Amino acid sequence: MKKYCKCGECAFLKNEGIDGYGQCIITWNIRHCGEMCSFQDDKPDEVQAVRILHHFQKWRRGGRGKQPNPTIIGDAIDRAIRTLRRETKDVPKF
């Protein structure tokens, strides 16, 4: 079973106010820190997957902040692999 986090625990929730609302830098939605991640129901699209992987790579190379949720990273990698396979389907094999 995949384990998604609440928005307040996520590395992608920024500018959280005293009311508990902040902005997800992946979906650009306003979320409350007590809500479950929106990727639990809807997987990331191609643009969101690129944003997730970009932020994860920055964190991996010494960026500040918390580690992004591994489940969300896995979903983004899955999306990137599907996209690459679709794009390279007609490329001749060596």
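Contact map, the stretch 6-31: residues that are among the hydrophobic types (A, V, I, L, M, F, W, C) paired with residues that are open to solvent by 80 Å² or more (accessible area, probe 1.4 Å) and part of a strand (DSSP E or B), Cβ distance under 6 Å, separation 6+ or inter-chain. Pairs shown: Ile25/Lys14; Ile30/Tyr21.
Taken together, Phe39, Phe56, Phe12 contain a single residue that is at pLDDT below 80, under 10 Å from the mean Cα position of the chain (by Cα) and not β-branched (Val, Ile, Thr), which is Phe39.
Looking only at residues of the stretch 32-49 that are within 18 Å of Lys14 (Cα to Cα) and out of contact with any helix residue (DSSP H, G or I) (no Cβ under 7 Å at 6 or more places or on another chain), we find that the one that is surrounded by the most Cβ atoms within 10 Å (Cβ to Cβ) is Gln48. Whenever a residue of the stretch 70-90 is over 19 Å from Gln40 (Cβ atoms), its partners that are among the hydrophobic types (A, V, I, L, M, F, W, C), lying with C-beta atoms within less than 7 angstrom and at least six residues away or across chains, give the pairs Ala80/Ala49; Ala80/Leu53.
Identify the residue in the stretch 83-92 that is part of a loop (DSSP other than H, G, I, E, B) and either in contact with a helix residue (DSSP H, G or I) (Cβ under 9 Å, 6 or more places away or on another chain) or open to solvent by less than 80 Å² (accessible area, probe 1.4 Å) (or both) and, among all such residues, is modelled with the lowest pLDDT. Looking at residues that are part of a loop (DSSP other than H, G, I, E, B) and either in contact with a helix residue (DSSP H, G or I) (Cβ under 9 Å, 6 or more places away or on another chain) or open to solvent by less than 80 Å² (accessible area, probe 1.4 Å) (or both), I get Val91.
Counting only residues that are closer than 18 Å to Ile77 by Cβ and of a type in the set (D, E, K, R), the stretch 1-55 holds 7 of them. For the stretch 51-82, a residue qualifies if it is surrounded by 12 or more Cβ atoms within 10 Å (Cβ to Cβ) and either among the aliphatic types (A, V, I, L, M) or in contact with a strand residue (DSSP E or B) (Cβ under 8 Å, 6 or more places away or on another chain) (or both), and the qualifying residues are Ile52, Leu53, Ile72, Ile73, Ala76, Ile77, Ala80. A count restricted to the stretch 1-24 and to residues that are open to solvent by 30 Å² or more (accessible area, probe 1.4 Å) and in a loop (DSSP other than H, G, I, E, B) stands at 8.
The values are calculated or read from the model by the stated rules, or taken from the named source; none is laboratory data. As the structure is a computational prediction, the values presented were derived from the model and not from experiment. No Cβ is skipped: glycine too gets one built from the backbone with ideal geometry, and neighbour counts run over all protein chains shown. Only protein heavy atoms, including side chains, enter the accessible area calculation; ligands, DNA and RNA are left aside. Shrake-Rupley method; radii C 1.70, N 1.55, O 1.52, S 1.80 Å.
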